[in-house]
Structures are given as C-alpha cells and as structure tokens.
Amino acid sequence: MPTLFDPLKLGALTVPNRVIMAPLTRARATREYVPTPLMAVYYAQRASAGLITSEAIGISRQGNGFPYAPGLWSAEQVEAWKSITKAVHAERGRIIAQLGHTGRAGHSAVIGEQPVSSSATLAPVDAWTYDGPKPSEMARPLAVVEMPGLVADYVHAARNAISAGFDGVQIHAANGMLLDQFLRNKSNLRTDEYGGSVENRIRLLREVTHAVADAVGADRTSVRLSPNGETWGVDDSDPTPLFTAAAKMLNDIGIAFLELREPAPGDAFGGTDVPRQSPMMRPYFKGPLILNSDYDLVRAQADLDSGLADAISFGRQFLANPDLVQRLQNNAPLNQAQRETFYTQEAQGYTDYPTLAKAVA
Ligand SMILES: Cc1cc2nc3c(=O)[nH]c(=O)nc-3n(C[C@H](O)[C@H](O)[C@H](O)COP(=O)(O)O)c2cc1C
C-alpha cells in the first residue's frame, strides 16, 4: 500500500507525495483582482506539497464575488500570475489554478451587477463586500442562451491559466459556488434542461468540464465537489444518485483527478451528519480520488490503506504550516491556523507561519 509520501500520477503530472494543498481563498490580491508579489512568497513557501491547488480564482468579474480575490480573465492578471507560478517552480513545486464563479454568493457592490445563479434564490448568509458583510441579494437565474458564454468564460480562464504557467486547472464545483448551485436541488429549482432530473443538473458541469478539457487537455483538468452537507444554503435532498452520476460523467471525460471535500460530524469547519459520499462514488470514478476535510496523519494513511483515497488534501494545516509534508513525515507538532487573519490583506498570518526549523531556532 502506498504511503502519503509516495509519488502519484495525476493525469499529466507525477507528484512526489500525496499531501496535497487544498484551495484556500486568502484575499491578498488587489481591488482590481490582480495577484500581488506577496502571494508568490506564500505559494513558494508551500512548494513541497505534492501539488498546490491555488485559491479560488474568478473566471470573470461576474464570478469574482470575494473581495480581494484574484482573477484570471485579463492580460494584467495573467502577467501577475506568471511570477507566482515561476516562484513555485523555482522551488521545484507544482501548482494548478482553481477556477471559480461565486454565483449567488457574490454581491453587486463587488461584482458590479446582480449576482447570477441557477434560480432566483437568496443565499441564507450575508455576502462579503469591501465594506464588510451585507445582506445577500436575490439572484438572477441564468438564461439558457447565456450558457455558452459562461462556458466560454471558464475556457478563457483555463487557457489563461496555462499561459500563466499553471500546471493544470481545477474546476470549482464545490462549496456552494455557481456550479454547485446548479448541481444541488435546494438551490436549483429550474424546470428547463438545466434543472429537475439528475442528468439535467449535472449538465452545466459536464459542458464546462468538456470544454475546459478540450481546451487544455483532460489530463490537466480536475474537478472539486462537496457532495455531503450544506454550504451557504446549497444542499441536496438525495446526494447519492446525484454525485454518483457526476462521478461517472467526470470519469467518462477522463479528467486527471477528482477531489471531494467531505466534512464529518463535528468537523471544525462546517461539520455535517450527511454521510460521506466517497464510498458510493469511488466505484464510478476510476481515476485518482483526493479526499479532504479535517484529516490528520492517521486518518489520512487509513483512507489510503483502505483504497478509498489516492491522496489527501489539507487546507488549514497547509495554511499554517508551509512545511506540512516534512512535519507529517516526522510526526512533528503543527502550527495552529489563526482565523482572524484568514482574509486580511497583510503578510501577517499569511507568510509568517514558521517552518519547523525556524520555530526550533
Ligand atoms: C481560509 C479558507 C479559505 C478557503 N477557500 C477555499 C477556496 O477558495 N476554494 C475551495 O474549494 N475551498 C476553500 N476552502 C475549503 C478548504 O479547501 C478545505 O476544504 C477546508 O478547509 C477543509 O479542509 P481542512 O480540514 O484540511 O482545512 C477554504 C477554507 C478556508 C479555511
């Protein structure tokens, strides 16, 4: 059985270990959605990860609802990302771009228009703006004629990611973002070909994944899903048929890997009593499966040993431990992530978490 510290083939990439950095929004870009030099320092510090998944990057202004989140739709953004991918590669790391669209989680104060979604629904949580939290706005349902344009935005951002030096892309279809708003029936109330049946609700994800895979290669395309439990009001009454169908569809496209965020009861970051769907999805997705949420070394190795997962992604532990791989390998103590600085704009709580060597010194 492989250990967490054995290499793994993920499509076009062979990664040196199975300790993957999960995507983490950190709000360190400019107000114009341009990545900053500080971000190059942060990502390069974490280059010993088997693979770094970037924070969610907006595919368009319409889809970039988080204040100070970076984008990948303009030439200026592509240029700025080049310094970051170069810094990671200089440290012999690998980094893929998570392509996101916030959908109804965005606010007009940030995205400059009424937020869009699958249906006219209201996220039951406040939206983030540059002036703090504001009540969510009623979403405008995307018209069927708008779908090709939306798919084209994903493709444009995916091509830009490769031009910027990323080693691949991850389509963000998890955590209550736009594609998740289409997948799950608490937010998708449509009666056209993008709503209702499971086949219809996975249609947009299929179209986006197909188009992105055609543009940059299926072997450089991955997808993230969050099949169990609610995020920002996005949930499903019967997740197993939906997510096994999605797993089969993604398997047929031949993506490089699938990542699942699966909180467990009591999970420190959004726990849920809805069972993990990975055991049911695993038979339908034959490629590499990466699992996430609240893992420690023992649980991670156990899920590799049982064959449920091929690799594990770590969010908050990577946020707080730039040398997480080395620390896990040596069973060393971990720095704790400080919530207060998750989304602040400074270096503090971002690039100043010490490595073990520094902490000891
Ligand atoms: C500060 C912060 C930002 C996050 N941003 C993203 C994101 O941009 N995209 C995403 O898919 N998940 C995001 N997540 C979820 C993480 O990728 C991960 O699923 C979650 O932290 C649970 O994993 P962990 O227990 O290893 O931290 C974020 C989590 C945190 C704590």
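The values are calculated or read from the model by the stated rules, or taken from the named source; none is laboratory data. Treat the numbers as computed from the prediction; the structure is a model and nothing was measured. Neighbour counts run over all protein chains shown; Cβ positions are idealised from the backbone, glycine included. For the accessible areas, the whole protein counts, side chains as well, though only heavy atoms, and no ligand, DNA or RNA atoms are used. Shrake-Rupley method; radii C 1.70, N 1.55, O 1.52, S 1.80 Å.
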inquiry  = Using 0.36 nm times the number of residues separating residue 86 and residue 134, minus their current alpha carbon distance, what extension gain do you get?
reply    = 13.6 nm
key: Positive minus negative residues near residue 297 (Lys, Arg vs Asp, Glu; Cβ under 15 Å)   = -2
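For the chain, what does -39500 (n - 2.57) per DSSP helix run (n ≥ 4), summed and divided by total residues, give at 222 nm, in deg cm²/dmol to the nearest 500? Numbers along the way, then the final one.
Details: 13 runs with 114 residues, N = 361.
Result for the chain, helices only: -9000 deg cm²/dmol.
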inquiry  = Counting only protein heavy atoms and a 1.4 Å probe, tell me what percentage of segment 8-360's accessible area is made up of carbon and sulfur.
reply    = 53
ask   = So how far apart, in nm, are the two label points at residue 197 and residue 329 if each is 7 Å from Cα heading toward Cβ?
value = 5.1
note = Per the 1/(1 + (r/R0)^6) rule, R0 = 35 Å and r from the Cβ atoms of residue 267 and residue 5, FRET efficiency to 0.05 is 0.90
task = Report residue 125's accessible area, 1.4 Å probe, all protein chains in place, as a number in Å² to the nearest 10.
result = 60
inquiry  = Accessible area per residue for segment 129-199 in Å², computed with a 1.4 Å probe and the full protein assembly in place, what is it?
reply    = 38
task = Return the whole-Å distance between the Cα centroid of segment 31-50 and the Cα centroid of segment 120-199.
result = 24
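Summing Lys, Arg as +1 and Asp, Glu as -1, what charge do residues with Cβ under 10 Å from the Cβ of residue 195 carry, residue 195 excluded? Please list the in-between numbers first.
Working: positive: 190, 201, 203; negative: 192, 193.
Taking every other residue near residue 195 into account, the sum is +1.
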message = For residue 274, project a label point 7 Å along Cα to C-beta. Then give me every residue of segment 178-198 with its amide nitrogen under 16 Å of that point.
response = 178-189, 196, 198
key: Euclidean distance of C-alpha centroids, segment 309-333 and segment 223-302, integer Å   = 20
ask   = Of the residues 29, 218, 75, which exhibits the maximal mean-square fluctuation in a Gaussian network model of the chain defined by a 10 Å Cα contact cut-off?
value = 75
inquiry  = Net charge within 13 Å of residue 152 by Cβ-Cβ distance, Lys/Arg positive one each and Asp/Glu negative one each, not counting residue 152 itself?
reply    = -3
inquiry  = I'd like the accessible area for residue 61: 1.4 Å probe, protein heavy atoms, all chains in place, Å² to the nearest 10.
reply    = 110
ask   = Between residue 237 and residue 152, what length comes free when the chain is fully extended (0.36 nm per residue of separation minus the Cα-Cα distance, one decimal in nm)?
value = 27.5 nm
ask   = If you project the alpha carbons of the chain onto the principal axes, what extent comes out on each, in Å, largest first?
value = 60, 43, 38
ask   = Mind checking which of 173, 22, 40 has the largest fluctuation in a GNM of the chain, springs on alpha carbons under 10 Å?
value = 40
message = Give me the percent relative contact order of segment 8-360, please, defined on Cα pairs under 8 angstrom at least 6 residues apart.
response = 16
query = With springs only between Cα atoms under 10 Å, which of 328, 289, 72 fluctuates most in a Gaussian network model of the chain?
reply = 328
query = Suppose every K and R has +1 on its Cβ and every D and E has -1 on its Cβ; what is the size of the dipole of segment 123-213 about the Cα centre, in Debye to the nearest 20?
reply = 180
remark   = Per the rule of 0.36 nm per residue minus the C-alpha distance, extending residue 344 to residue 159 adds in nm 63.7 nm
note = When the charge dipole of segment 4-125 is computed with +1 at the Cβ of Lys and Arg and -1 at the Cβ of Asp and Glu, the Cα pointing farthest to the positive end, of 73, 100, 49, is that of 49
